[in-house]
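Student: Quick one: structure below, then a few questions.
The values are calculated or read from the model by the stated rules, or taken from the named source; none is laboratory data. In this text, all values refer to a predicted model and were calculated from it rather than measured experimentally. All Cβ positions, even for glycine, are placed from backbone atoms using ideal geometry, and neighbour counts span all protein chains on display. Note: accessible area is taken over every heavy atom of the protein model, side chains too, but ligands, DNA and RNA are not part of it. Shrake-Rupley method; radii C 1.70, N 1.55, O 1.52, S 1.80 Å.
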Amino acid sequence: LIERIIFFSFFYFLLIIGFILNENSTGGAIVDYFNQKTIAQTFANNFKESFFGYDKFSTRHSPILIIFLSFFEKLNINDYIIRLIHLHFCLLLPIFFYLSLKLKFNFTNQNNLYLLVGIIFLSPTFRSLSIWPDSRMLGMTVFCLSIYYYLKFEENKKFKNCVLNIITCALASYLSPNFSVFALFYFYKFT
């Protein structure tokens, strides 16, 4: 247990260092964030007009994150705090991933599962999109939770897990429309 705590503390420490140094290993995360921030400021100034004219902003992102960012803008919350909140929310992704792996591969040595989860922390995409708020990372985190509920349903066939799967997949799709296609898979599997 102590080795695992040290293992994940090391990766968390590296992520915090990347946060402090404004790491942008994908090259586009910081640009995307500041584009979304500009749109969020417009939403904060005139929500109704911005919302109904969203297609004029030429962004590929869902408006959900931008709406949240606009609330932070209205409250004058510092970028550093917004980014820190987002980073810590994204830390749920490795947890949900581990829980899903544990359900699917319960016969596998737990150390191997921890090692697989640790690899997430080395991903440039995970690092950049956790450090610079992005709807795709939020969507991925919630989508991973939908996978967990799907696996729970497969394990025990409880209807509750089917409902939780659908809710989390829908939420992931609202955060990042890329995940909406998985609704077809779940629909096929649940019928």
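Student: If contacts are Cα pairs under 8 angstrom and at least 6 residues apart, what is the relative contact order of the chain in percent? Let's see the in-between values first.
Tutor: Details: 192 pairs, mean separation 46.8, N = 191.
The value is 24 percent.
Student: Okay, next question. Hydropathy at least 0.5 by Kyte-Doolittle, axial extent at least 20 angstrom from the Cα trace: which helices of the chain, defined as entire DSSP H runs, fit?
Tutor: On the way: long enough: 2-20 (26 Å, 2.15); 29-45 (24 Å, 0.01); 135-156 (32 Å, 0.30); 159-175 (24 Å, 1.31).
Within the chain the helices that satisfy the rule are 2-20, 159-175.
Student: Over segment 1-41, with the other protein chains present, what is the accessible area per residue in square angstrom, probe 1.4 angstrom? Before the final figure, lay out the partial values.
Tutor: Working: 2490 Å² over 41 residues.
Heavy-atom accessible area per residue stands at 61 Å².
Student: Could you calculate the contour length gain from residue 191 to residue 49, that is, 0.36 nm times the residue separation minus the distance between their Cα atoms, to one decimal place in nm? Walk me through the numbers on the way to the answer.
Tutor: Details: separation 142, 0.36 × 142 = 51.12 nm, distance 4.11 nm.
Full extension from residue 191 to residue 49 adds 47.0 nm.
Student: While we're looking at this one, here's another question. Pulled fully out, how much extra length does the chain show between residue 184 and residue 4, if you take 0.36 nm times their separation in residues and subtract their Cα-Cα distance?
Tutor: Values: separation 180, 0.36 × 180 = 64.80 nm, distance 3.70 nm.
Full extension from residue 184 to residue 4 adds 61.1 nm.
Student: Let me ask you something else. Carbon and sulfur together cover what percent of the accessible area of the chain at a 1.4 Å probe radius? List each step's numbers first, then the result.
Tutor: On the way: 7490 of 10940 Å².
That share works out to 68 percent.
Student: Another one. Have a look at 160, 56, 152 and tell me which one the Gaussian network model of the chain (Cα, springs below 10 Å) gives the largest fluctuation.
Tutor: Sorting by GNM fluctuation, first place goes to 56.
Student: Compute the projected area of the convex hull of the Cα atoms of segment 33-100, averaged over all viewing directions, and report it in nm² to one decimal place. Mind dumping the intermediate values first?
Tutor: Details: hull surface 21.3 nm².
Projected area, direction-averaged: 5.3 nm².
Student: Quick check for you: with a 1.4 Å probe and neighbouring chains kept, what is the accessible area per residue of segment 131-191, in Å²?
Tutor: About 53 Å² of surface per residue is accessible.
Student: Given a Förster radius of 30 Å and the C-beta distance between residue 76 and residue 167 as r, what FRET efficiency does 1/(1 + (r/R0)^6) yield to the nearest 0.05? Mind dumping the intermediate values first?
Tutor: Details: r = 33 Å, r/R0 = 1.09.
Computed FRET efficiency for residue 76 and residue 167: 0.40.
Student: Give me the aspartates and glutamates in straight-line cross-link reach of residue 104: C-alpha distance below 14 Å, same-chain residues under 8 apart excluded.
Tutor: Reachable aspartates and glutamates: 154, 155.
Student: Let me ask something else. Please find the FRET efficiency linking residue 114 to residue 17, where r is the Cβ-Cβ separation and R0 is fixed at 22 Å, and quote it to the nearest 0.05.
Tutor: With R0 = 22 Å, the Cβ-Cβ based efficiency is 0.55.
Student: Using helices alone, I'd like the mean residue ellipticity at 222 nm for the chain: each DSSP H run of four-plus residues gives -39500 (n - 2.57), total over residue count, nearest 500.
Tutor: Working: 11 runs with 146 residues, N = 191.
Helix-only estimate at 222 nm: -24500 deg cm²/dmol.
Student: Same structure, new question: For the chain, set up a GNM with springs between Cα atoms under 10 Å and report which of 21, 65, 101 has the largest fluctuation.
Tutor: Sorting by GNM fluctuation, first place goes to 21.
Student: Springs between alpha-carbon atoms under 10 Å, Gaussian network over the chain: tell me which of 12, 33, 174 tops the mean-square fluctuations.
Tutor: 12
Student: Show which lysines lie in cross-link reach of residue 74 when reach means a straight Cα distance below 28 angstrom and same-chain residues fewer than eight apart are skipped.
Tutor: 37, 48, 56
Student: Measuring from label point to label point, each 7 Å out along Cα→Cβ, what is the residue 106 to residue 31 span in nm?
Tutor: 4.7
Student: How much length would be gained if the chain were fully extended between residue 123 and residue 156, taking 0.36 nm per residue of separation minus their Cα-Cα distance, in nm to one decimal? Numbers along the way, then the final one.
Tutor: On the way: separation 33, 0.36 × 33 = 11.88 nm, distance 3.28 nm.
Extending this stretch completely gives an extra 8.6 nm.
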